[in-house]
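The values are calculated or read from the model by the stated rules, or taken from the named source; none is laboratory data. Not measured: the values here are computed from a predicted model. Every residue, glycine as well, gets a Cβ built from its backbone with ideal geometry; the counts of neighbours run over all protein chains shown. Surface areas here come from the heavy atoms of the whole protein model, side chains and all, with no ligands, DNA or RNA. Shrake-Rupley method; radii C 1.70, N 1.55, O 1.52, S 1.80 Å.
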Amino acid sequence: MGRYVVRRLLQMIPVFIGATLLIFLMVNVMGDPIAGLCGERQCDPATAAQLKKEFGLDKSVWQQYLTYMGNVFTGDFGTAFNGQKVTDLMATAFPVTIRLTIVAIFFEIVIGITLGVVTGLRRGRPVDTSVLLLTLVVISVPTFVTGLLLQLLLGVEWGWIKPSVSSDATFSELIVPGLVLASVSLAYVTRLTRTSIAENRRSDYVRTAVAKGLPRRRVIIRHLLRNSLIPVVTFIGTDIGALMGGAIVTERIFNIHGVGYQLYQGILRQNTQTVVGFVTVLVLVFLVANLLVDLLYAVLDPRIRYA
Amino acid sequence: MRGATHARWAACAVAVALAATACGGGGSSSGSGAGGAVLSSSWGDPQNPLEPANTNEVQGGKVLDMVFRGLKRYDPKTGAAKDMLAEKIDSSDAQNFTITVKSGWKFSNGEAVTAKSFVDAWNYGASLKNNQKNAYFFGYIEGYDKTHPDTGTQTADTLSGLKVTGPQTFTVKLSQKFSTFPDTLGYAAYDPLPQAFFTDHAGWIKKPVGNGPYTIESYTKGSKMSLRKWDAYPGSDKAQNGGVDLKVYTDNNTAYTDLIAGNLDLVDDVPAAQLKNVKSDLQGRYLNTPAGIIQTLAFPYYDSDWNKSGSEKVRKGLSMAINRKQVTETIFQKTRTPATDWTSPVLGTKGGFQDGLCGSGCDYNPTEAKKLVQEGGGLPGGQVKITYNADTGSSKEWVDAVCNSINNALGNDKACVGNPVGTFADFRNQIGQHKMTGPFRAGWQMDYPLIQNFLQPLYYTNASSNDGKWSNKDFDNYVDQANAESDTGKAIGLFQSAEKVVRDNMAAIPLWYQNGSAGWSDRLSSVALNPFSVPVYNEIKVG
């Protein structure tokens with residue numbers, strides 16, 4: 001187990017370097033970021049040269065990348081064009097997005113798995129059909145439509161919530177945005193759980209458990225659900241990264257100042273430091289989430305062992 | 001007061017979560033302290049640190065306008081430059097100026113505003129090592145070439161043309177005659193700075209201190225700024241409200257939704273998509289007034305295809321092929337006005353705006369357009385590509401509409417296509433590298449309401465915003481004469497002569513004047529926009 005974890009951690013290093021390099025090159029291809037800083041006019045050449053020197057943009061891309069990576073390992077993610085440290089931006093943005101992700105994952109787990117179990121056990125019944133239909137609708141409607149619709153209905157027409165999230169972004173404010181963010185994944189989780197439960201329902205161990213005379217609750221939760229959760233856990237694990245990085249649309253609609261907002265602004269202003277910094281952290285989140293998912297397999301299914 | 005507000009919001013959040021009750025801005029009487037209630041307003045994250053000589057966009061400018069007062073201030077209604085901190089500005093030769101600063105003014109930290117406050121601030125702005133993006137504003141002052149050389153390092157830290165001659169007086173020597181120089185001094189780059197700016201720069205940037213009607217109570221970068229009325233403000237334009245909370249919105253649609261839901265008091269950028277609903281949504285609490293912004297199509301004169309004899313006919317033909325009226329009415333819902341000259345109506349006729357100066361060249365006339373383009377040798381390469389940045393505003397919509405209009409007029413559905421560029425930075429980059437092959441979007445927001453500002457930076461040979469590198473001796477001569485002319489009326493006449501040179505060559509196609517728009521909640525009254533399309537916050541009344 002320990003050796004497996006170490007091996008996986010070591011494998012992360014090339015993935016990490018490759019991913020950051022790709023992002024770095026992509027942002028660089030977009031061209032000179034200084035040009036966008038002076039409004040509708042040419043930056044005067046002296047100031048432009050000075051700024052380039054300050055941000056290290058006068059060096060070759062390779063040198064820039066090496067310096068950047070060197071700094072990253074000492075915890076310095078550089079400075080954004082508005083003079084703020086990227087680490088400061090992260091310190092304000094990540095807690096907000098993490099809260100949003102927690103709310104979203106919570107909805108996925110509670111609503112998604114519950115619905116999945118219910119429909120999986122009652123395949124073909126009206127409950128199953130209506131939930132399937134509902135998930136189909138949710139999957140086919142884009143997030144921004146759901147988001148804007150809920151914002152208009154709950155925020156303006158009925159006045160249940162405030163249409164935008166304040167800069168504190170507390171959990172209670174994030175309920176609706178979290179639900180919107182989770183909606184599509186939630187539908188997938190429901191369908192995955194449903195299929196998995198329906199498949200395993202007829203397996204030998206379930207029959208044995210029932211034959212032993214175990215209570216129905218115990219059969220379903222301990223035996224059936226636990227074994228059916230493996231594909232669901234894989235999905236939710238990879239979804240953590242996707243939710244954190246992919247919240248741009250939701251964050252924009254509800255004016256949440258999280259990772260998506262910083263990335264969007266960074267891309268618009270071609271701010272290499274911000275974009276690469278945030279994406280680097282997101283890459284790390286993806287890698288760690290994947291590792292945790294793999295380790296969870298062993299917990300859920302004792303037959304799986306890592307050496 | 002802030003604690004109380006905070007608790008109220010927290011209570012609201014809890015109430016919403018538990019009982020799902022409405023909690024809009026209806027509970028209006030927040031902040032019952034002296035000076036009235038606080039209003040909330042939409043904001044965008046400023047691109048640069050909030051230093052006066054480093055702020056070149058509206059969002060940062062909005063804050064500076066509340067926190068600072070300069071020598072002059074542009075009248076929010078007429079745009080005329082009026083003395084603010086300036087007691088008097090004298091000059092006998094339009095080149096040497098003696099400026100007297102009114103006594104009795106203070107920064108909100110108690111420090112007196114003196115001649116030194118200005119001179120130090122200007123020297124800071126002009127010094128290359130400080131990376132100030134508005135440094136070129138000091139380019140007229142003698143010694144700028146030493147403190148801000150085009151290449152290499154600076155050889156002086158202070159401008160030799162600035163001299164403090166007394167506690168409240170200083171002299172300015174310009175490197176050339178510039179008669180309207182005093183009228184430019186209302187621009188934020190010329191604001192005075194307290195000593196704290198130089199001694200504790202990092203601390204000052206976190207929470208700027210100025211001499212305007214508001215002080216900054218708290219500033220969370222990227223999300224919120226709370227400004228409060230400064231009770232000891234010595235000026236006559238005291239704040240009529242208790243303060244302003246600026247909230248950063250990523251999307252102006254969200255801000256508008258918040259306004260409708262009663263969660264926000266003032267939006268100063270109504271999204272184009274909402275313009276048709278705005279009347280019924282806000283019941284008249286909506287403003288749409290001209291701002292000092294003109295949109296044009298510029299041309300790449302470094303490309304020989306656009307700089308040969310006869311191409312002025314092609315440009316004029318293209319201009320006449322654009323149905324400005326239709327585009328402004330259908331795409332912009334009349335928030336733009338078809339342009340008939342190269343300046344802006346906010347200047348007023350006294351300031352040099354001349355309605356219809358463009359003449360027939362700006363009238364929609366498809367038959368004449370087709371004829372002119374043919375006479376001029378046809379479109380270079382058989383097609384024009386209008387380059388624009390697709391990341392802001394509704395550029396795609398209007399470029400497509402303009403192209404459609406051109407295609408219809410010329411009877412060729414491939415005559416014009418749009419050429420979108422992903423980001424503004426990349427767009428500016430391609431312009432800077434002279435990569436344009438056809439007309440490109442050029443917007444100009446004035447720095448100060450003078451006709452000079454609409455012409456010289458854009459069309460003078462090698463000027464800072466002359467992106468197409470247009471160059472014309474007659475134009476340059478007229479501008480030089482106008483700058484040396486000490487009689488304002490005559491100077492404006494000369495600028496208009498220069499503008500006629502632009503017209504005769506159709507150096508750029510004027511499209512439309514842009515309006516500023518604002519919508520507000522029923523708590524507010526006396527809302528107005530200044531010529532820079534920024535709300536006049538200090539005059540807004542709450543409750």
**Request:** Hey, can you tell me all the residues within region B:384-410 that are open to solvent by 30 Å² or more (accessible area, probe 1.4 Å) and either of a type in the set (A, V, I, L, M, F, W, C) or at pLDDT below 90 (or both)?
**Result:** B:Ala390, B:Asp391, B:Thr392, B:Gly393, B:Lys396, B:Glu397
**Fill in**
Log entry, pairs with first residue in region A:181-204 being aromatic (Phe, Trp, Tyr), second being in a helix (DSSP H, G or I) and open to solvent by 60 Å² or more (accessible area, probe 1.4 Å), beta carbons closer than 8 Å, six or more apart or on different chains, reads none
**Members of region B:47-71 that are in contact with a Ser or Thr (Cβ under 8 Å, 6 or more places away or on another chain), open to solvent by 20 Å² or more (accessible area, probe 1.4 Å) and more than 10 Å from chain A (Cβ to nearest Cβ)** = B:Gly61
**Request:** Quick one: count up the residues across region A:224-258 that are in a helix (DSSP H, G or I), hydrophobic (A, V, I, L, M, F, W, C), surrounded by 21 or more Cβ atoms within 10 Å (Cβ to Cβ) and in contact with a Gly (Cβ under 7 Å, 6 or more places away or on another chain).
**Result:** 1
**Asked** Looking at A:Gly83, A:Gly36, which is the one that is within 22 Å of B:Asn131 (Cα to Cα), open to solvent by less than 20 Å² (accessible area, probe 1.4 Å) and within 14 Å of another protein chain (Cβ to nearest Cβ)?
**Response** A:Gly36
**Matching option when the condition is in contact with a Leu (Cβ under 8 Å, 6 or more places away or on another chain), surrounded by fewer than 23 Cβ atoms within 10 Å (Cβ to Cβ) and within 28 Å of B:Asn408 (Cβ to Cβ), among B:Thr335, B:Thr330** = B:Thr335
**Message:** Name the single residue that is nearest to A:Lys52 (Cα to Cα) among those in region B:126-165 being away from every other protein chain (no Cβ under 11 Å), of a type outside the set (A, V, I, L, M, F, W, C) and open to solvent by less than 20 Å² (accessible area, probe 1.4 Å).
**Reply:** B:Gly143
**Message:** Let me spell it out: the conditions are (1) within 14 Å of chain B (Cβ to nearest Cβ); (2) open to solvent by 30 Å² or more (accessible area, probe 1.4 Å); (3) of a type in the set (Val, Ile, Thr), and A:Val180 meets all of them except one. Which number is the exception?
**Reply:** (2)
**Request:** List the number of the failed condition for A:Leu154; all other conditions in (1) within 21 Å of the chain's Cα centre (by Cα); (2) in contact (Cβ under 8 Å) with a residue 12 or more places away in the chain; (3) within 14 Å of chain B (Cβ to nearest Cβ) hold.
**Result:** (1)
**Criterion violated by A:Leu174 - all others in (1) closer than 30 Å to B:Ser226 by Cα; (2) open to solvent by 40 Å² or more (accessible area, probe 1.4 Å); (3) within 11 Å of chain B (Cβ to nearest Cβ); (4) outside any loop (DSSP other than H, G, I, E, B) satisfied** = (2)
**Asked** Would a scan of region A:185-196 turn up a residue that is within 19 Å of the chain's Cα centre (by Cα), within 14 Å of another protein chain (Cβ to nearest Cβ) and modelled with pLDDT of 90 or more?
**Response** no
**Request:** Select, from B:Gln274, B:Gln283, B:Gln240, the only residue that is closer than 17 Å to B:Trp520 by Cβ, within 14 Å of chain A (Cβ to nearest Cβ) and touching an Asp or Glu at 6+ places or on another chain (Cβ under 9 Å).
**Result:** B:Gln274
**Request:** Among what's in region B:411-420 and is touching a residue at least 12 places away in the same chain (Cβ under 8 Å) and more than 20 Å from B:Ala390 (Cβ to Cβ), pick the residue that is least open to solvent (accessible area, probe 1.4 Å).
**Result:** B:Ala415
**Message:** Cβ-Cβ under 6 Å, sequence separation 6+ or interchain: first residue in region A:118-145 and in contact (Cβ under 8 Å) with a residue 24 or more places away in the chain, partner among the hydroxyl-bearing types (Ser, Thr, Tyr) and open to solvent by less than 60 Å² (accessible area, probe 1.4 Å). Which pairs?
**Reply:** A:Asp128/A:Thr119; A:Val131/A:Thr119; A:Thr135/A:Thr190; A:Val138/A:Ser183
**Prompt:** Taking region B:332-354, which residues are outside any loop (DSSP other than H, G, I, E, B) and β-branched (Val, Ile, Thr)?
**Reply:** B:Thr337, B:Val346, B:Thr349
**Scan of region A:251-266 for residues that are closer than 25 Å to A:Ala35 by Cβ, of a type in the set (A, V, I, L, M, F, W, C) and at the interface with chain B (Cβ under 7 Å from one of its Cβ atoms), ordered by number** = none
**Fill in**
Selection over region A:274-307 where residues are of a type outside the set (A, V, I, L, M) and open to solvent by 40 Å² or more (accessible area, probe 1.4 Å) yields a count of 7
**Request:** Only residues in region A:45-59 that are facing chain B (nearest Cβ under 9 Å) count as the first member; pair them with residues that are acidic (Asp, Glu), Cβ under 8 angstrom, at least 6 apart or cross-chain, and list the lot.
**Result:** A:Pro45/B:Asp150; A:Ala46/B:Asp150; A:Ala49/A:Asp58
**Fill in**
Within region A:16-33, the residues that are under 27 Å from B:Lys129 (Cβ atoms) and either of a type in the set (D, E, K, R) or within 11 Å of chain B (Cβ to nearest Cβ) (or both) are A:Gly31, A:Asp32, A:Pro33
**Request:** Could you check region B:62-128 for strands (runs of 3 or more DSSP E) lying wholly inside it with 1 or more residues that are over 26 Å from the mean Cα position of the chain (by Cα), more than 15 Å from B:Gly166 (Cα to Cα) and modelled with pLDDT of 95 or more?
**Result:** none
**Request:** Evaluate region B:186-206: report whether one residue or more is hydroxyl-bearing (Ser, Thr, Tyr), in contact (Cβ under 8 Å) with a residue 24 or more places away in the chain and either open to solvent by 70 Å² or more (accessible area, probe 1.4 Å) or in a helix (DSSP H, G or I) (or both).
**Result:** yes
**Complete:** Scanning region B:295-315 for residues that are in contact with an Asp or Glu (Cβ under 9 Å, 6 or more places away or on another chain) and at negative phi gives B:Ala298, B:Pro300, B:Ser311, B:Glu312, B:Lys313, B:Val314
**Listing of helices (runs of 4 or more DSSP H) fully contained in region B:424-490 that carry 3 or more residues being more than 11 Å from chain A (Cβ to nearest Cβ) and either within 30 Å of B:Ile406 (Cβ to Cβ) or open to solvent by 30 Å² or more (accessible area, probe 1.4 Å) (or both)** = B:451-459, B:473-484
